[in-house]
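J.: A single structure is presented below for examination.
The values are calculated or read from the model by the stated rules, or taken from the named source; none is laboratory data. Predicted model, so just to flag it, every value in this text is computed and none were measured. Glycine also receives a Cβ, built like all others from the backbone with ideal geometry; neighbour counts cover every protein chain displayed.
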Amino acid sequence: MKDLYNISLHVAFMLMLGYYVMSAMQWYSYKIERVLFHYGKYEWHAIFFVAPVLFYYFTSKLFLPYVLLFYGLMLFFWYRKLDKKLVFTARIKRFFLFLFLVIFLQDALCVLSFECDVFGVFIPLVIAMFASFVFEKILFEGFRKEAKRKIDNAKNLTVIAITASYGKTSIKNFLHHILSSKFNVYMTPRSVNTLSGIMKDINENLKPDCEIYIVEAGARVKGDIDEIARLVNEHYAIVGCIGEQHIEYFKSLENIRNTKMELINSKRLKKAFVHVSANVAKNDKIEMFGDDIHNLVSTLDGINFDILIDGKMEHFSSPLLGDFNATNIDVCIHVALSLGMNLDEIRKAVSTLNGVEHRLQKIEAGGKIIIDDGFNGNFEGMCSSYELVSNYAGRKVIVTPGIVESTNDANIKLAKKIDDIFDLVIITGSVNQKILDVHIQKTEKIVIKDKAKLQDVLAENTTKGDLILFSNDAPTFL
């Protein structure tokens, strides 16, 4: 009976540890090196892994139940404050199954064969992680072959792949809207842009009658885009704006550009539309875009601009906010023309474009104007939104964590831009708090470390007639 009691305590402790470990792994795409060397809040490792393990090994068994109760309560309150909680996918469920089996075998062996003072912690975690990785790798290869076979056998399907440092999700949504007025179009959902996510989408959601499949391709390391290009073998590629997003992983702008350009490695490529920021040479298959936009006017009512097409200026208007969206629409227009749509069809579709959720969404509530730009996380796009609201006559309030996964210089420039335009800045998230606090000098500042308090802070510090811009968002683990 005593052994069963001790085993139960050990299982509870291991499941709590496993919950924290797999939360971190899921946030960082199951990359151990990112969890170890690129983690946003290392103090969480100390509080929720290192300290509990030390207490477990060095606290007498008499006090162990109280230690576990305290750890469980800490983990519970930590979980409640997370804005990105662990999702119990099939992969996570399989990990916990492996972990439970390893714990059971270890503890049973320990009770039956040895006199253990304490059950092991690291061996079950390591074995469960290893078994999970091996099993997922086997499944992964099977799913990849299935997706490859499905794509290759869809003879009447045109595939369009999109990548960029920023703006790729907007381009995907805009292109889907424009092409859907004439074709049966399907796109990867939400922000699905990894090889595994695309494979799953192809296997589960791509229908036989689909005429055009639009794929968003993301990357964290060199070779990520190449793997996606070789899987979907797209007919048309779009390489959007190149910037310093994720420079922490790529180390240089050149590495970012070279990785994005892996998208042209498709064997079926007919044409690639590449933004001028990539600085690549044109050829028979590469067409540049982004420098053919003229007479651009951006207001809180939408954007109007002209594009030079076949030597003639063609006018387009859209209810979308933000002058940077003209560039995103520009490439969509060129792709639509290549697929046989005429200018009248395209112009009509552009005039009815809907904004992407959390990207310069305009909301009016309680006499306040709210601009939700929470998914805009690059320097150029954020600055563009600041220019957009700069002429607003009333008080201007910005809520921002700064630019995540970018350089200190970029955040310093952003701080100076905020200082020039806004009356109040509410700084959220810990990743850039110090930089923004130091370099925003004229604008009134409020720094909050707990985003759960944001609603109360806004209620106390804003009033009717204010414009509130939510500029980027950082999850609590950064």
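J.: Output the strands (runs of 3 or more DSSP E) that fall wholly within region 405-478 and possess 1 or more residues being surrounded by fewer than 15 Cβ atoms within 10 Å (Cβ to Cβ) and out of contact with any helix residue (DSSP H, G or I) (no Cβ under 6 Å at 6 or more places or on another chain), or say none.
T.: Hits in region 405-478: 444-447.
J.: If I ask for residues that are under 31 Å from the mean Cα position of the chain (by Cα), in a helix (DSSP H, G or I) and exposed (fewer than 15 other Cβ atoms within 10 Å of the Cβ), which ones from region 89-117 would you list?
T.: The answer is ALA90, LYS93, LEU97.
J.: Only one residue in ASP466, ASP423, ASP473 is closer than 27 Å to TYR39 by Cα and among the acidic types (Asp, Glu), so which one is that?
T.: None of the other options fit; the residue is ASP473.
J.: Evaluate the following for ALA147: is it in the same structural domain as VAL21 (by TED's automatic domain parsing), surrounded by 13 or more Cβ atoms within 10 Å (Cβ to Cβ) and either of a type in the set (A, V, I, L, M, F, W, C) or over 25 Å from LYS271 (Cα atoms) (or both)?
T.: Judged against the criteria, ALA147 is not a match.
J.: Under 7 Å between Cβ atoms, which residue pairs at least 6 apart in sequence (or on different chains) link something in region 55-84 that is under 15 Å from LEU17 (Cα atoms) with a partner that is modelled with pLDDT of 85 or more and outside any helix (DSSP H, G or I)?
T.: Final answer for the pair search is TYR56/VAL121; TYR79/LYS85.
J.: When both residues are 6+ apart or on different chains and their Cβ atoms are under 6 Å apart, which pairs have a first residue that lies in region 453-478 and is on the phi > 0 side of the Ramachandran plot, and a second that is outside any loop (DSSP other than H, G, I, E, B)?
T.: Within 6 Å, the pairs are ASN472/THR400.
J.: Specify the residue that is nearest to the chain's Cα centre (by Cα); the eligible residues are those in region 246-274 that are assigned to a loop (DSSP other than H, G, I, E, B) and under 22 Å from ASN376 (Cα atoms).
T.: Among residues in region 246-274 that are assigned to a loop (DSSP other than H, G, I, E, B) and under 22 Å from ASN376 (Cα atoms), the one nearest to the chain's Cα centre (by Cα) is HIS246.
J.: Related question: Any residue at all in region 376-391 that's among the aromatic types (Phe, Trp, Tyr) and not assigned by TED's automatic domain parsing to the domain that holds GLU444?
T.: No, every residue in region 376-391 fails to be among the aromatic types (Phe, Trp, Tyr) and not assigned by TED's automatic domain parsing to the domain that holds GLU444.
J.: Here's a follow-up. Can you tell which of GLU345, GLU314 is at negative phi, assigned by TED's automatic domain parsing to the domain that holds ALA164, assigned to a strand (DSSP E or B) and among the acidic types (Asp, Glu)?
T.: That would be GLU314, the only listed residue that is at negative phi, assigned by TED's automatic domain parsing to the domain that holds ALA164, assigned to a strand (DSSP E or B) and among the acidic types (Asp, Glu).
J.: Hey, could you check region 279-294 for residues that are within 27 Å of the chain's Cα centre (by Cα) and of a type in the set (A, V, I, L, M) and say which is nearest to SER338 (Cα to Cα)?
T.: So, considering only residues that are within 27 Å of the chain's Cα centre (by Cα) and of a type in the set (A, V, I, L, M), the one nearest to SER338 (Cα to Cα) is MET288.
J.: Going by the structure shown, is PHE77 modelled with pLDDT of 90 or more, of a type outside the set (D, E, K, R) and in contact with a Ser or Thr (Cβ under 6 Å, 6 or more places away or on another chain)?
T.: No: the conditions fail for PHE77.
J.: Output yes when any residue across region 275-283 is in a loop (DSSP other than H, G, I, E, B) and at pLDDT 95 or above, and no when none is.
T.: No - not one qualifying residue is present in region 275-283.
J.: If you go through region 353-376 one residue at a time, do you hit one that is under 25 Å from VAL274 (Cβ atoms) and either surrounded by fewer than 18 Cβ atoms within 10 Å (Cβ to Cβ) or modelled with pLDDT of 95 or more (or both)?
T.: Within region 353-376 (the criterion being under 25 Å from VAL274 (Cβ atoms) and either surrounded by fewer than 18 Cβ atoms within 10 Å (Cβ to Cβ) or modelled with pLDDT of 95 or more (or both)), the answer is no, since none of the residues qualifies.
J.: Residues being surrounded by 14 or more Cβ atoms within 10 Å (Cβ to Cβ), more than 16 Å from the chain's Cα centre (by Cα) and among the aromatic types (Phe, Trp, Tyr): count how many of those fall in region 1-44.
T.: Looking only at that region, the number is 4.
J.: Now for a different question. Out of TYR386, TYR392, report the one residue that is in a helix (DSSP H, G or I) and either under 25 Å from the mean Cα position of the chain (by Cα) or of a type outside the set (A, V, I, L, M, F, W, C) (or both).
T.: Checking each option against the conditions leaves just TYR386.
J.: Residues that are within 30 Å of GLN455 (Cβ to Cβ) and modelled with pLDDT of 95 or more: does region 324-347 have at least one?
T.: No, that holds for no residue.
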